[in-house]
Ligand code: CP
């Protein structure tokens with residue numbers, strides 16, 4: 001593949017190749033010499049129009065561990081504030097020799113447009129409420145490394161599905177890899193047609209307590225208050241009471257089940273500190289796995305035999 005824009009860009013073989021490559025990359029992180037020469041002479045641009053901690057830093061770490069040159073661009077403090085368009089910004093970066101552009105943008109679809117304008121590879125690092133495919137890959141990697149497989153897993157994705165690019169990409173990728181996804185949350189935050197539109201077999205439930213005992217994985221989503229008005233979200237207390245994961249609810253899960261969250265978390269809203277910091281939580285592991293998975297993505301886009 002040339003670009004990674006959507007979870008739907010990946011068939012099962014390609015997704016598995018990325019996860020397997022990430023497992024090899026993870027061994028590099030444990031070595032004394034952490035760098036590989038694979039992308040020496042290549043330039044990766046991190047083009048961030050929206051805030052990020054995990055994604056931006058892990059793409060930077062991933063590119064550097066592969067010996068690529070990294071240019072970090074943040075819209076704040078750039079000529080974007082003077083009105084420069086995404087296209088002109090992209091062409092400027094291309095003129096500086098970008099082989100790959102990793103883009104986060106508040107507008108859904110921005111990475112797709114960018115892919116028409118630049119010669120290099122485009123990686124979607126989160127676009128609006130649309131998709132975040134490398135998050136889905138690192139989540140799948142974490143599930144596979146903790147539970148040994150993806151096919152046949154029951155994964156509950158819980159909370160603000162409506163605004164979640166993480167949920168969309170996870171439904172697409174996990175379905176491709178044979179997991180069964182159930183979307184759980186209040187009806188106002190799960191659009192009626194979303195499950196059917198994303199992938200056949202994806203279920204919907206409005207009752208978290210009934211879903212937990214049959215789940216191998218529960219993935220809590222951040223409540224994105226900045227993207228909603230109060231008609232979606234009448235009361236934080238009511239939301240936590242019905243859809244927050246606390247200690248007693250976590251104990252309804254099977255013993256082997258894991259708890260995930262892409263971060264950043266609203267501690268006390270969708271997840272309590274007791275759960276977030278428990279041995280079942282993979283939240284910190286997800287961040288560490290993100291570096292290996294993004295190394296694998298950059299390696300396969302830029303260093304593989306498609307160039
Ligand atoms: N999970 C995630 O995308 O986090 P950031 O917004 O910090 O990158």
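The values are calculated or read from the model by the stated rules, or taken from the named source; none is laboratory data. Worth saying up front: this structure is predicted, and the values here are computed from it rather than measured. Note that each Cβ is placed from the backbone with ideal geometry, even for glycine, and that neighbours are counted across all protein chains shown.
Summary of values
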item: Test: residue in the range 219-226 that is outside the structural domain of residue 101 (by TED's automatic domain parsing), more than 16 Å from the ligand (Cβ to nearest atom) and either part of a helix (DSSP H, G or I) or more than 25 Å from residue 106 (Cβ to Cβ) (or both); result: no
item: Test: residue in the range 233-241 that is touching a helix residue (DSSP H, G or I) at 6+ places or on another chain (Cβ under 6 Å) and either closer than 30 Å to residue 28 by Cα or more than 16 Å from the ligand (Cβ to nearest atom) (or both); result: no
item: Filter result for the condition that a residue is modelled with pLDDT of 95 or more and either over 23 Å from residue 129 (Cα atoms) or surrounded by 14 or more Cβ atoms within 10 Å (Cβ to Cβ) (or both), over 78, 6, 74; result: 6
item: Check on residue 243, within 30 Å of residue 52 (Cβ to Cβ) and over 23 Å from the mean Cα position of the chain (by Cα); result: no
item: Flag for residue 116 being surrounded by fewer than 24 Cβ atoms within 10 Å (Cβ to Cβ) and not assigned by TED's automatic domain parsing to the domain that holds residue 18; result: no
item: Which numbered condition residue 73 misses (of (1) out of contact with any helix residue (DSSP H, G or I) (no Cβ under 6 Å at 6 or more places or on another chain); (2) assigned to a loop (DSSP other than H, G, I, E, B); (3) within 16 Å of the ligand (Cβ to nearest atom)); result: (2)
item: Failed criterion for residue 278 (all others in (1) in a loop (DSSP other than H, G, I, E, B); (2) away from the ligand (no atom under 14 Å from the Cβ); (3) closer than 23 Å to residue 61 by Cα hold); result: (3)
item: Test result for residue 69, touching a strand residue (DSSP E or B) at 6+ places or on another chain (Cβ under 9 Å) and either closer than 30 Å to residue 194 by Cα or modelled with pLDDT under 95 (or both); result: no
item: Selection status of residue 61, touching a residue at least 40 places away in the same chain (Cβ under 8 Å), in a helix (DSSP H, G or I) and surrounded by 23 or more Cβ atoms within 10 Å (Cβ to Cβ); result: no
item: Residues satisfying the stated conditions in the range 17-58, i.e. assigned to a helix (DSSP H, G or I), at pLDDT below 95 and within 16 Å of the ligand (Cβ to nearest atom); result: none
item: Residue satisfying all of: in the range 254-264; out of contact with any strand residue (DSSP E or B) (no Cβ under 6 Å at 6 or more places or on another chain) and closer than 22 Å to residue 224 by Cα; surrounded by the fewest Cβ atoms within 10 Å (Cβ to Cβ) among these; result: 264
item: Unmet requirement for residue 152, which otherwise passes all of (1) under 29 Å from residue 73 (Cβ atoms); (2) surrounded by fewer than 24 Cβ atoms within 10 Å (Cβ to Cβ); (3) more than 16 Å from the ligand (Cβ to nearest atom); result: (1)
item: Out of 287, 211, 293, sole residue that is assigned to a helix (DSSP H, G or I), at pLDDT 95 or above and more than 30 Å from residue 17 (Cα to Cα); result: 211
item: Condition met for residue 178 (in contact with a strand residue (DSSP E or B) (Cβ under 9 Å, 6 or more places away or on another chain), closer than 29 Å to residue 21 by Cα and assigned to a loop (DSSP other than H, G, I, E, B)); result: no
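Let's see how each residue does on (1) touching a strand residue (DSSP E or B) at 6+ places or on another chain (Cβ under 8 Å); (2) surrounded by fewer than 21 Cβ atoms within 10 Å (Cβ to Cβ):
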| residue | (1), (2) |
| --- | --- |
| 186 | no, yes |
| 195 | yes, yes |
| 219 | yes, no |
| 239 | no, yes |
| 252 | no, yes |
